[in-house]
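Peer 1: Please read through the structure below; I'll follow up with questions.
The values are calculated or read from the model by the stated rules, or taken from the named source; none is laboratory data. Keep in mind that what you see is a predicted model, and the values were worked out from it rather than measured. In this analysis, Cβ positions are derived from the backbone assuming ideal geometry, glycine residues included, and neighbour counts consider all displayed protein chains. Side chains included, ligands, DNA and RNA excluded: accessible areas come from the protein's heavy atoms. Shrake-Rupley method; radii C 1.70, N 1.55, O 1.52, S 1.80 Å.
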Amino acid sequence: MSAPILYTIQAAQPAAHLFDVSLTLAEPDPAGQVFSLPAWIPGSYMIREFARHIVSLSAEAEGKPVPVTKLDKHSWRLPAGVPGPVTLRYTVYAWDLSVRSAHLDPTHGFFNGTSVFLAAHGHEDRPHRVDILPPKGLDGAGWRVATSLPEAVGEEGAAERYGFGLYRADSYDDLIDHPVEMGTFTLGEFDACGVPHAVAITGRHDCDMDRLLADLKPICEGQIRLFGEPAPMSRYVFLTMAVGDGYGGLEHRASTALLCSRADLPYPGMEEATEGYRQFLGLCSHEYFHTWNVKRIKPAAFVPYRLTEENYTRLLWAFEGFTSYYDDLMLVRSGRIGLDDYLKLLAKTITQVHKGSGRRKQSVAESSFEAWTKYYRQDENSPNAIVSYYTKGALVALLLDLRLRADSHGARSLDTLMQALWQRHGQTGVGVAENGIFALAAELGGAELAAWLQELVEGTAELPLEHGLCRVGLRLTWEPTSPAPCIGVRTVAEGEALKIANVFDGGSAQAAGLSAGDVLVAIDGLKATAAGFDKLLARRLAGDRAEIHAFRRDELMRFEVELRAPAADTARLATDPEAGPAALALREGWLAGDQAK
């Protein structure tokens, strides 16, 4: 059996944000071994060029330096005939406080394998080991290690749980799918369906860990039971970075990296869950659901991942959209929130989709395919040009779930479809074909259902939400966000300046010639400020005209803008007091996750 590929990584200069990494390969390719770093990280569909953070790189074999040739932006090659073992040593700059890269300072270290571990071409399927070393210059700081990477039990130098030392991975793909947090994090643990789970929180916070663990446990157990025991992982870790203002998550096969506002965490003595805490639980639920949906049930385009280039699929509406649907639904099913709170969250999703005119121009299938160039590279015109495969995909999931339940009198649902995907794809490693969801929908509900679903996914017509929600005794109504007249812009404050961030299609600001980036100076001779802009509009009537002065670059410009009545584009959901027994029964089964026997 070939020797495992061995890495070491150390926080060598925390104050300078530098990790030192080494890679030792026993049997390099005699024709010239090639190494490369991924250009993107699965789950975040944008080319990020992680190799740009490699500061220096060298190689040696038999105690002598070996020349290294850089082939392209992220690849290096050794000369032919270099004997083994060969060792690469390189330094990585880590100062991206996000869930997708690496971050290091004297308070903590975090990294994803895609940012720090070069792949040895031709050896990706071999066992890998990584020796995580204690940080330099921080003796006595009390740092620990949190990761879902298994300890290399039985091997020399094996790490103990939460300790520095040797960890193991079955392959390169396995190695890079377990992020690592090191520092003085707060730690909590619980079991879900017999599987050990851990929560590590880095950053200053006052989290009520007991409350958080008590809330996460039923959410995790509900998802495990939805897909069926046993869970696909032997252990799971929530790696959480608490900051003043932040939000984000990235899924992995046995863990998730989370970024949250410390104010969103539960605090001792908190009685009712705050809006921020509900949002955080929804984030945890979302990333946990990915353990099945996208980490194991994958589009065929991701089997295997090609980490040096874009991997295009039209299915992100199912892998992110369906996950976005289930994240809040699982909060209801686990008893973490009630129906009223859930309807508010669902109405918020409906509103987000409805407010963007891009929904009329781009389908969720197109949004999925163009994630690399449009969704992850949004600009000032994005609300007018694109739709989110997260939010609209969640609404497609809702409609599919409710129709399956109604057509089968509660015998089948989206749960049934997800379970079939798990059995056929998640447990076999076979990727889902681009038409695979439609084909499975046809199996469950017939050709007409599949054609209807395909129209929702590939078309740009308004979703039949009112009809779908009526199936479970819910009423959807629309009202303006504010009674004040509007001009069709979104503004942001930059210091004392009020800047236009977006100009919406069909609005009076667009008709008058205002543009994103314009800095508003005055409205009818009065100074435009963040605090005063809406107040000035609120004192006018629809149909009035306003004189607006604004700077475009360094040129002062004048615009005459008509004030228009606010659009009824904010969704409200409520239970229908006239709903019949069939609708009430479907609603009960939907929210409980039950199906008719």
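Peer 1: Place the peptides 485-495, 536-546 in order of packing, highest mean first, counting for every residue the other Cβ atoms within 10 Å and averaging per peptide.
Peer 2: 485-495, 536-546
Peer 1: Something else about it: With everything on Cα atoms, drop me the angle between helix 339-355 and the longest principal axis of the chain, reported from 0 to 90° to the nearest 10.
Peer 2: Long axis of 339-355 versus the principal axis of the chain: about 80 degrees.
Peer 1: Could you work out the local net charge near Ala365, counting Lys and Arg as +1, Asp and Glu as -1, over the other residues with Cβ closer than 10 Å to its Cβ?
Peer 2: Within the 10 Å Cβ shell, the charges total -3.
Peer 1: Still on this model: What aspartates and glutamates could a cross-link reach from Lys73, if we take a straight Cα to Cα line under 18 Å and drop same-chain neighbours fewer than 8 places away?
Peer 2: Of all the aspartates and glutamates, those that pass the test against Lys73 - Cα under 18 Å, at least 8 places apart if same chain - are Glu49, Glu309, Glu310.
Peer 1: Hey, what angle do you get for helix 436-445 against the long axis of the chain, alpha-carbon based, 0 to 90 degrees rounded to 10?
Peer 2: The two axes meet at around 60 degrees.
Peer 1: Of Trp95, Ile5, Leu23, which is farthest on the positive side of the dipole of segment 1-157, counting Cα position, with +1 on Lys and Arg Cβ, -1 on Asp and Glu Cβ, and the Cα centre as origin?
Peer 2: Positive-most Cα among the choices belongs to Trp95.
Peer 1: Taking Cα pairs under 8 Å and at least six residues apart, what relative contact order does segment 336-495 come out at, in percent?
Peer 2: The value is 23 percent.
Peer 1: Okay, moving on. Mind giving me the nanometre distance, one decimal, between the label points for Asn381 and Asp407, set 7 Å out from Cα along Cα→Cβ?
Peer 2: Once both label points are built, they end up 3.9 nm from each other.
Peer 1: Per residue, how much space in cubic angstrom lies within the convex hull of the C-alpha atoms of segment 400-464?
Peer 2: Hull volume normalised by residue count: 81 Å³.
Peer 1: Over the chain, what is the relative contact order in whole percent, taking alpha-carbon pairs under 8 Å and six or more residues apart?
Peer 2: Taking the mean separation of contacting Cα pairs over the length of the chain, I get 10 percent.
Peer 1: Under 5 Å between amide hydrogens, which residues at least 5 positions from Thr570 or on another chain qualify, with H placed 1.01 Å from N in the peptide plane?
Peer 2: For Thr570, whose amide H was placed from the backbone, the distant partners under 5 Å are Glu479, Thr481.
Peer 1: Report the gain in length on full extension from Asp191 to Ala493: 0.36 nm times residue separation, minus Cα-Cα distance, nm rounded to one decimal.
Peer 2: Extra length from Asp191 to Ala493 when fully extended: 104.2 nm.
Peer 1: Please say if segment 511-562 is rounded, prolate or oblate, where rounded means a/c under 1.5 for a ≥ b ≥ c the square roots of the C-alpha gyration tensor eigenvalues, and otherwise the choice is prolate for a/b larger than b/c and oblate otherwise?
Peer 2: oblate
Peer 1: If you don't mind, another one. Taking every DSSP beta bridge with both residues inside the chain, roughly what % is antiparallel (nearest 5)?
Peer 2: 80
Peer 1: Still on this model: Past 32 Å, Cα to Cα, is the threshold; run Lys136/Lys217; Lys217/Lys374; Lys298/Lys374; Lys295/Lys344 against it and keep the listed order.
Peer 2: Pairs exceeding the cut-off: Lys136/Lys217; Lys217/Lys374.
Peer 1: Which order do you get for His17, His108 if you rank them by accessible area with a 1.4 Å probe, largest at the top?
Peer 2: His17, His108
Peer 1: Running Debye on segment 27-79 with equal point scatterers at the Cα sites and no solvent, what base-10 log of I(q)/I(0) appears at q = 0.12, 0.14, 0.18, 0.28 Å⁻¹?
Peer 2: -0.34, -0.45, -0.67, -1.13
Peer 1: So what's the back-of-envelope 222 nm ellipticity for the chain, counting only DSSP H runs of four-plus at -39500 (n - 2.57) apiece and dividing by all residues, rounded to 500?
Peer 2: For the chain, the value works out to -7500 deg cm²/dmol.
Peer 1: Round to the nearest 10 and give me the degree value, 0 to 90, for the angle of helix 391-407's Cα axis relative to the longest principal axis of the chain.
Peer 2: Orientation of helix 391-407: about 80 degrees from the principal axis.
Peer 1: By its C-alpha gyration tensor, with a ≥ b ≥ c as the square roots of the eigenvalues, how is segment 526-591 shaped: rounded for a/c under 1.5, else prolate for a/b larger than b/c, else oblate?
Peer 2: Since a/c reaches 1.5 and a/b is larger than b/c, the shape of segment 526-591 is classed as prolate.
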